[in-house]
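Here's the structure we're looking at; comments come further down.
The values are calculated or read from the model by the stated rules, or taken from the named source; none is laboratory data. The structure presented is a predicted model; accordingly, all values stated were derived computationally and were not measured. Positions of Cβ are generated from backbone atoms using ideal geometry, with glycine treated the same way; all protein chains shown enter the neighbour counts. The accessibility values were calculated without ligands, DNA or RNA, using every heavy atom of the protein model including side chains. Shrake-Rupley method; radii C 1.70, N 1.55, O 1.52, S 1.80 Å.
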Amino acid sequence: MTELPDLAAGALAAGTLSALALGAGLWRSRRQRALQREELAALRSRLDGVQTALAAEIEHLAGQRIPAAARHLTHPRVTVPGPAQPQFIGSPLGIGLESVLNSVRSELTAQRTRIDAAAQAGMRGATREIQAALYRLQDALRSLQQRYDDPELTQTLFALDHENEQSLRRAQVAAVVCGAWVGLAREESHLVEAVTGGQARLAGYHRVRVHNHLETGTALVSHAVEPVAIIVAELLDNALRHSAPDTEVVVNLEHVHHGACVTVDDAGLGMTQDERDRARRMVAGSDPILLTDLGDPPRMGFAAIGRLTRQFDLSVDVSSPSPYGGVRAVLRIDSHLLSRIDPELQPPAAGAPRSTRRAPAPTRT
């Protein structure tokens, strides 16, 4: 039989062990809570840091990246900055912010295209009215030329007619850039006629020297006559504007494999590589034309050429320098756009080919 002191000692030992276990549990619990508080504080601090960085990144997006992306649409040289916080690159948050930027870009592009299309539609209507008025003035001037024999008056009327022709060219180019048809239908004409016709529309036409190396009777099919005349006029205008007034612009007409070429060489300053690249893209006609991309005031020559090359299956190259230090522009006309006219029955005219149909009269609104 166990003695009472032994039982008391056992109970005391068990109580002591229980107390020790309870104390150890309490200590572990307090330690665990302390660690949890430290982890929670660290997470809160980290969350605060992420929130601060995210707020800064959103501010950077709104204040720097989106405005730069908007400017980049009209000024491609503007650089759109990347994320301000490197830790966001490739992260879900960073991907989300890039998606926001891309959505803004897409919407700005869509709105810009829509507004530009409305502006082009308005300009088409305006140029139609202007062209109709200038054609009426042209008819009146030519009627006066036939009516009066006074040499001084005749010279004045010819000068006015030439000024009117230049205004017609500018209105026609603006209309073409905005998607209008060329406005004139011509009969089949000698290719050299179309070239001299384009030359006659320019103020500096006397500086142009045309060398025709084509086989006699080489002509253009009817629907290619006016587009070729417009393209040649714009290439010559560009050459005359960018070369000294005491220099000549040389034009050569030559047969090539599967067609003919009109080569325009000037003695100007040439173009930088960026200008040459931009001109090459414009005359190719592959990119959509926006009026806001054409400068202030708009430079429409290359844009009009691009419209016409795409519509009429022509080709223009401006990538080579001329032998005179300026720019060489080459218009290539494929054989399916060429025809032949008997030069005995219809010799080439000295000036521009006459139109057989005028632009349609403007509709009243």
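Points worth noting:
- Entry note, the chain: the mean residue ellipticity at 222 nm calculated from DSSP H runs of n ≥ 4, each adding -39500 (n - 2.57), is -19500 deg cm²/dmol after division by the residues and rounding to the nearest 500.
- Only Lys, Arg, Asp and Glu carry charge here, each on its Cβ (+1 for the first two, -1 for the last two); on that basis the chain has a dipole of about 1300 debye about its Cα centre.
- Summarising the strand pairing of the chain, around 85 percent of its internal DSSP beta bridges are antiparallel.
- At least 15 Å along the helix axis (C-alpha) and Kyte average at least 0.5, DSSP helices within the chain: 222-241
- Under a Gaussian network description of the chain, with springs only between Cα atoms under 10 Å, the residue in A239, A117, A68 that fluctuates furthest is A68.
- Among N238, N102, N252, residue whose mean-square fluctuation peaks in a GNM of the chain (springs only between Cα atoms under 10 Å): N102
- Kirkwood estimate for the chain, i.e. one over the average of 1/r between Cα atoms, Å: 26.3 Å
- Put the Cα centre of the stretch 223-282 next to the Cα centre of the stretch 197-212 and the gap is 12 Å.
- Solvent-accessible area per residue, Å², over the chain with all protein chains present [probe radius 1.4 Å]: 58 Å²
- Apportionment of accessible area to carbon and sulfur, the chain, percent (1.4 Å): 57 percent
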